[in-house]
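Student: Pasting a structure below so you can have a look.
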Amino acid sequence: MSISKKVILVGHFGVGKTSLIRQFVHQKFSEEYLTTIGVKIDKKEMTMDGIEVTLIIWDIAGETDQNKVPKSYQLGAHGVLYVFDVTRPSTYNNLHEQLNHLNRLLPSAPIEVLANKVDLVTEEECNSLLDQIDYPELIKTSAKTGNNVEHAFMSLTRRMI
């Protein structure tokens with residue numbers, strides 16, 4: 001059996017969405033910051049639980065408010081990775097509001113929330129910060145080290161199939 005699933009990565013600009021995709025699809029990381037204009041689409045084929053899955057991964061340009069993202073980019077998504085940067089409070093201050101918007105727009109799509117760039121803070125700082133955010137199932141990721149990147153995509157894929 002073979003299926004395709006559209007996955008969108010959303011969040012503020014500069015949180016590491018493109019780097020997470022590059023790490024997951026190509027196992028590469030670059031310090032160079034490239035701004036995504038509009039949307040960039042990538043693809044990754046894998047097998048999960050005996051099912052051939054093709055992830056069509058939409059890297060959507062960062063916005064401070066998900067209402068500003070063209071709905072055409074988001075509609076039809078089977079799953080969402082919402083990414084924020086643990087070093088920039090502005091990227092997670094309105095997390096619950098942004099997730100509510102995505103849940104209204106895509107009621108049947110599972111959402112994984114990624115606390116990215118954990119390599120830039122100590123374990124204590126990270127845990128203290130995540131306690132304040134109060135979201136039950138955050139995945140701590142680092143596109144730079146690859147920490148939990150595969151796990152985040154696999155977790156979302158498992159929830160979609």
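The values are calculated or read from the model by the stated rules, or taken from the named source; none is laboratory data. This structure is a prediction, so every number in the text was calculated from the model and none was measured. FYI the Cβ positions are ideal-geometry reconstructions off the backbone, even for glycines, and counts take in every protein chain you see.
Student: Select from the stretch 1-40 the residues that are hydrophobic (A, V, I, L, M, F, W, C), within 24 Å of residue 66 (Cα to Cα) and surrounded by 12 or more Cβ atoms within 10 Å (Cβ to Cβ) and list them in ascending order.
Tutor: If the condition is that a residue be hydrophobic (A, V, I, L, M, F, W, C), within 24 Å of residue 66 (Cα to Cα) and surrounded by 12 or more Cβ atoms within 10 Å (Cβ to Cβ), then 7, 8, 9, 10, 13, 15, 20, 21, 24, 39 are the ones that fit.
Student: For the stretch 50-59, check the following and say yes or no: at least one residue is under 17 Å from residue 85 (Cβ atoms) and either touching a His at 6+ places or on another chain (Cβ under 6 Å) or among the charged types (D, E, K, R) (or both).
Tutor: yes
Student: Confirm whether residue 70 is loosely packed, with under 15 Cβ neighbours inside 10 Å and over 26 Å from residue 125 (Cα atoms).
Tutor: The answer is yes for residue 70.
Student: Which one of 97, 32, 45 is free of Cβ contacts under 8 Å to residues at least 60 places away in the same chain, assigned to a strand (DSSP E or B) and not aliphatic (A, V, I, L, M)?
Tutor: Going through 97, 32, 45 in turn, just one is free of Cβ contacts under 8 Å to residues at least 60 places away in the same chain, assigned to a strand (DSSP E or B) and not aliphatic (A, V, I, L, M): 45.
Student: With respect to residue 50, is the statement that it is crowded, with 16+ Cβ neighbours inside 10 Å and not hydroxyl-bearing (Ser, Thr, Tyr) true?
Tutor: Judged against the criteria, residue 50 is not a match.
Student: Hey, another quick one. May I ask you to say which residue of 59, 49, 85, 65 is of a type in the set (D, E, K, R), modelled with pLDDT under 95 and under 13 Å from the mean Cα position of the chain (by Cα)?
Tutor: 59
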